[in-house]
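Report on the structure given below.
Since every read-out is calculated from the coordinates, none of them should be taken as a lab result. Here the structure is a predicted model, which is why all the values come from computation and not from measurement. Methodologically, a virtual Cβ is constructed for each residue, glycine included, from the backbone with ideal geometry; neighbour enumeration extends over all protein chains shown.
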Amino acid sequence: MRKVFSLAVAIAAGVAVAWVPCSAHRLVAQDSKEPAVKKQGLGATPAKSFRAPEGFEVEMVYEVPAKEQGSWVAMCVDLKGRLIVSDQYGKLYRVTPGMPGKASETKVEAINVNLGMAQGLLHTKDGLYVDVNGEGILNKDQQDAPRGPGLYRLQDLDGDEQFEKIERIIPLTGGGEHGPHAIIPGPDGRLYLCAGNQSDLPERIDRSRVPRHWSEDHMLGRMPDARGFMANRLAPGGFILSFNPDGSDIELVSTGFRNEYDIAFNPLGDLFTYDADMEWDIGTPWYRPTRVNHVISGAEFGWRNGTGKWPEYFADSFGAVANIGYGSPTGITFGTGAKFPAKFQNALFISDWSYGVVYAVNLEPDGASYKSTFEPFVSASPMPVTDLLIHPEQGCMYMTIGGRKTQSALYRIRYVGNESTQKAAYPDNDLAKTARAARRQLEAMHQPGAQLDISTAMRYVGSPDRALRTAARLALEHFDSKLWRDPVQQALPAQAAITMAIALARKGTPADQADIQNSLLRLDWSKLTNTQRLELLRAYQLSFLRLGEGDAAIRQKIVQQLDSHFPVADGDALVDRELARVLIYLSAPKIIDRCVAQMNSSNSAEQQIHYAFCLREAQQGWTPQTRKAYFQWFYDIGTARGGASFGGFLENIRKVAIVNLEDEDKTALGELIGPLPAPKDPLADLAPRAMVKQWTVDELAEKFATKKGGFNYERGKQMFAVAQCYKCHRFAGQGGIQGPDLTASSQRFSTKDMLTAIIEPNKEISDQYEATVFQTEEETVIGRVANLNGDNLMIATNMLDPGNFTNLKRSDIVDMKPSKVSMMPSGLLDTLTPDEVFDLLVYLQTGGNPKSDRYASNGGGQ
């Protein structure tokens with residue numbers, strides 16, 4: 001019998017990995033004496049295998065017979081309180097769920113209509129709306145049937161519950177899984193639809209809240225996905241539309257998504273979505289995790305193909321209110337109307353299809369936008385959740401699992417505990433109300449026929465609130481720049497100057513470039529916050545990308561303003577990235593030397609790859625030494641791991657750099673530009689460390705409490721890197737996302753909590769990161785379901801190599817149950833001296849800032 005264990009590779013090398021539990025989520029107790037699932041290949045995941053908060057009950061309402069009814073991916077409530085669902089590749093069905101405890105009484109009937117393949121459904125008094133992702137028709141012999149992707153409206157003309165009239169009211173393109181998706185009602189009486197990045201904008205758009213001058217906007221260019229996926233797809237990417245119930249007056253609301261499957265309004269009238277990552281990018285600096293976005297009017301969210309994805313700090317985009325991690329976003333819904341405790345009534349529930357988790361995202365108004373926390377709500381393995389809804393009459397949640405022809409089922413989630421389920425007020429505060437009103441005043445200028453209120457727009461372009469200054473900038477961009485450009489020539493406060501420069505770079509003409517750049521040259525770098533520095537650098541990028549190479553003398557002044565600040569003295573990695581991008585573009589003196597030095601000294605593989613990418617086409621400033629160091633790096637990075645495109649990206653960067661070499665350079669580099677060796681084990685080159693002691697939590701906690709100072713920040717940072725913690729954990733804006741982000745760990749956990757999580761990782765395992773034991777007749781596999789297709793499960797067993805899966809057939813599984821062993825191994829501090837352990841702890845407590853009060857309180861560092 002073969003065994004595949006998760007993440008055991010680190011133990012032999014004696015490295016230290018820090019794992020901190022990220023949730024106090026309480027689980028429904030299960031009988032640990034019996035396997036949670038028996039003969040899993042024979043049916044859907046049973047309700048008893050689900051983990052949910054205390055007081056919640058999960059019930060399987062209906063197990064979908066795959067051959068007859070397919071695999072369900074979308075649902076809605078009809079006007080009589082029944083459910084309408086759609087098979088991903090087939091028919092629509094009407095479902096009358098049995099009452100709680102009487103699931104066997106559930107009735108399912110096919111809807112007699114030549115249409116299906118929906119990934120979005122909505123039933124209103126105006127008809128049944130079906131958002132089709134594919135050809136749509138089921139009987140291809142019916143020649144006169146409307147067909148193709150897009151939004152259809154079905155109407156019952158005679159009250160017999162059959163739909164006699166079918167109209168394709170908004171034709172769309174795209175299919176597969178990145179095409180048209182959800183359709184929902186808005187609080188304004190309009191309907192809202194979202195579509196992924198394989199859909200083109202509809203031919204008819206009557207108005208746009210998004211200024212219609214989007215572009216790729218990549219300084220130093222981009223490279224397409226290394227495996228060619230959607231290589232030719234360009235901006236604007238995925239989008240959200242609004243329109244009247246008859247399909248008229250189509251308005252473009254927002255763009256720049258990768259593949260947002262669903263959208264939802266909160267009780268305050270604000271729109272949210274849960275956008276997809278590109279999991280093949282894991283390990284690269286352009287990887288963006290799945291994330292919850294607050295969809296403000298006209299906003300751009302920065303999806304671009306391949307290496308071109310905009311980081312969330314780009315000022316011409318709008319960032320995330322929650323970065324969740326890797327996964328596959330599907331259905332979302334607010335808990336509004338649920339008979340749940342107040343916390344869950346107000347939560348945004350989001351679904352991860354791959355890892356089988358529904359998260360509860362708690363959003364709190366913060367200025368004109370929101371801040372958030374999130375925790376697992378319901379999870380199981382496998383649980384390929386496709387859609388969620390709150391039943392308006394029953395007050396429960398319905399959830400479908402399925403997709404890609406996997407085993408499908410319908411579940412009901414009810415609260416049966418003792419907490420109050422009375423309707424709860426949505427959290428709000430006076431400051432947020434004022435800021436939200438100001439944002440909506442600015443957003444009113446995003447519509448046709450609006451008048452530009454320059455004084456209002458200028459009041460907010462310099463706001464520290466990103467949502468307000470974004471709304472103000474977009475308001476300006478909807479009008480002729482001649483109406484508002486003059487203040488750029490004046491001495492404005494820093495944030496206002498930067499925002500105005502970005503607006504004019506996007507909307508103006510080459511004649512505006514000198515004024516834009518001179519306005520930015522007036523700013524004192526030393527007085528800017530890191531956010532302002534990043535936005536200043538983006539403003540410079542846009543001024544060149546949109547308006548041309550510009551005046552040589554001004555270019556030199558920009559170099560003088562920025563050059564001495566790279567690399568940043570306080571080590572802000574993101575500012576360093578953008579400084580490098582701009583200074584390479586401007587051919588700053590010795591910039592090649594400095595970037596190559598950073599490539600070879602940074603503890604973060606992401607940071608190293610960023611510099612390698614930016615230097616790939618640089619022509620001036622190379623020396624034989626820097627050339628050699630640059631190409632040697634491709635050998636050194638060979639131990640790194642990432643998503644499916646990770647290795648291909650590195651190979652393509654290297655190929656471009658080789659193409660740009662002169663013949664004499666190629667001769668001098670010799671074997672360094674020859675074929676690369678096969679990738680090595682990530683830990684193969686780490687020297688084994690001798691056993692120091694099998695440490696206990698209490699022993700180290702006592703020793704740490706008596707140590708008053710002398711901590712070495714740099715050694716703690718080095719220990720975090722040598723341990724390859726960056727592979728699984730994000731810290732201070734860098735690293736992996738397979739494990740929890742540790743940046744704020746010191747704000748939530750004591751030193752003893754941290755030590756417990758590292759030394760005794762099995763003591764408390766968050767269900768967000770819990771592994772499953774899969775037993776077949778031949779083998780035992782321990783890991784997490786990362787992907788599914790039909791009968792196939794793809795299991796991630798090694799968090800250091802997230803793109804490498806172990807494949808199992810669901811029909812071969814005879815037993816599966818939650819693993820009692822963490823995917824993080826224990827004993828990883830046993831080869832560290834007490835001082836090395838303490839330096840690692842203090843490094844975690846700094847949140848990545850060696851000057852933080854927390855670090856200073858521990859006696860300073862070296």
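Summing Lys and Arg as +1 and Asp and Glu as -1 over all other residues whose Cβ lies under 13 Å from the Cβ of residue 672 gives a net charge of +1. Comparing 199, 181, 645 along the charge dipole axis of the chain, the residue lying farthest to the positive side is 645, per the Cβ-charge model.
For residue 161, the amide hydrogen comes within under 5 Å of no other amide hydrogen, counting only partners 5 or more places away or on other chains and with H modelled in the peptide plane. In this Cβ point-charge picture (+1 for Lys and Arg, -1 for Asp and Glu), the range 324-466 has a dipole of about 220 debye about its Cα centre. Summing Cβ point charges (Lys, Arg +1; Asp, Glu -1) relative to the Cα centre of the chain gives a dipole of roughly 1020 debye.
Put simply, the amide H of residue 61, placed in the peptide plane, has neighbours under 5 Å in 410, 411, 412, leaving out anything fewer than 5 places away on its chain. The aspartates and glutamates within cross-link reach of residue 482, meaning a Cα-to-Cα straight distance under 18 Å and a gap of 8 or more places when in the same chain, are 453, 512, 515.
Rounded to the nearest 20 debye, the dipole size of the range 216-292 about its Cα centre is 360 debye, using +1 on the Cβ of Lys and Arg and -1 on the Cβ of Asp and Glu. The amide H of residue 813, built 1.01 Å from its N in the peptide plane, has 41 as neighbours under 5 Å, considering only residues 5 or more places off or on other chains. Could you tell me what % of all Cα pairs in the range 146-284 have separations over 17 Å? Roughly 65 percent, rounded to a whole number. Structure note, pairs 628/717; 67/405; 107/165: Cα-Cα distances above 20 angstrom occur for 628/717; 107/165. Ordering 159, 172, 115 by the projection of their Cα atoms onto the charge dipole of the range 90-175, which places +1 on the Cβ of Lys and Arg and -1 on the Cβ of Asp and Glu, puts 172 at the extreme positive end. A Förster radius of 56 Å, combined with the Cβ-Cβ distance separating residue 694 from residue 482, puts the computed FRET efficiency at roughly 0.15. Per-residue Karplus couplings for the range 261-273, computed as 6.51 cos²θ - 1.76 cosθ + 1.60 with θ equal to phi - 60°, are listed in order as 7, 8, 9, 7, 9, 8, x, 8, x, 9, 9, 9, 9 Hz, Gly and Pro entered as x. Of the residues 142, 362, 529, the one whose Cα sits farthest toward the positive end of the charge dipole of the chain, with +1 on the Cβ of Lys and Arg and -1 on the Cβ of Asp and Glu, is 529. Annotation: aspartates and glutamates with alpha-carbon distance below 13 angstrom to residue 102 (same-chain offsets under eight excluded): 59. For residue 214 and residue 623, the difference between the fully extended length at 0.36 nm per residue and the C-alpha to C-alpha distance is 143.4 nm.
The Cα atoms of the chain define a convex hull whose projected area, averaged across directions, is 37.9 nm².
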